[in-house]
Amino acid sequence: MDEELFEAARDVRLRAHAPYSNFLVGAALRTAAGTVHAGANVENAAYPEGWCAEPSAIAHMIAASVEKGARRIVALTCVADPIGGRPTTPCGGCRQRIAEFSGPDTLVHCLSPEGAGRTYTMAELLPGAFSMDKA
Ligand code: THU
């Protein structure tokens, strides 16, 4: 587990705007350049207009950087309450959003606010990911 990412995700989670679900999520990512960016879920009274914590963190990464390495996700930590005893994992849409800036070896740590959970690779979370990358 990456302590800096855990603390960033845990702290930003407490600033989530989630008055409809009351399900607070924080996400923090580390880039290949070593920078850390965090974000929380932002819900809306028109429910489908809300968005997840992961795209909030990705938007901060994009706003802060232009160099390729600074837009490459090497690890991402998601902090939320476990559901049914299982760690909360990124939703399907977020897996695709993370995949845009990561690779099969990118680590996704799914943790409770107490730090319990498990780590997945992107290859596990999104096998056969759609990509326009021809390399
Ligand atoms: N949520 C996230 O922020 N990330 C996920 O990966 C799963 C779900 C949010 C969306 C919504 O605000 C709340 O959790 C309940 O679905």
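The values are calculated or read from the model by the stated rules, or taken from the named source; none is laboratory data. Given the structure is predicted, the values throughout are model-derived calculations rather than measurements. No Cβ is skipped: glycine too gets one built from the backbone with ideal geometry, and neighbour counts run over all protein chains shown. Surface accessibility is based on the protein's heavy atoms, side chains included, excluding ligands, DNA and RNA. Shrake-Rupley method; radii C 1.70, N 1.55, O 1.52, S 1.80 Å.
Just a few scattered comments:
- Residue selected from the stretch 9-54 under the condition within 14 Å of Ala75 (Cα to Cα) and of a type in the set (Ser, Thr, Tyr), by the criterion nearest to the ligand (Cβ to nearest atom): Thr31
- Subset of the stretch 4-51 [open to solvent by 20 Å² or more (accessible area, probe 1.4 Å), small (Gly, Ala, Ser) and within 19 Å of Ser112 (Cα to Cα)]: Ala8, Ala16, Ser21, Ala38
- Of the residues making up the stretch 93-116, those that are on the phi > 0 side of the Ramachandran plot and either open to solvent by 50 Å² or more (accessible area, probe 1.4 Å) or hydroxyl-bearing (Ser, Thr, Tyr) (or both) number 0.
- Condition check for Ser65: modelled with pLDDT under 95 and either more than 12 Å from Cys110 (Cα to Cα) or buried (at least 22 other Cβ atoms within 10 Å of the Cβ) (or both): yes
- Qualifying residue in the stretch 79-92 (condition: among the charged types (D, E, K, R), part of a loop (DSSP other than H, G, I, E, B) and open to solvent by less than 60 Å² (accessible area, probe 1.4 Å)): no
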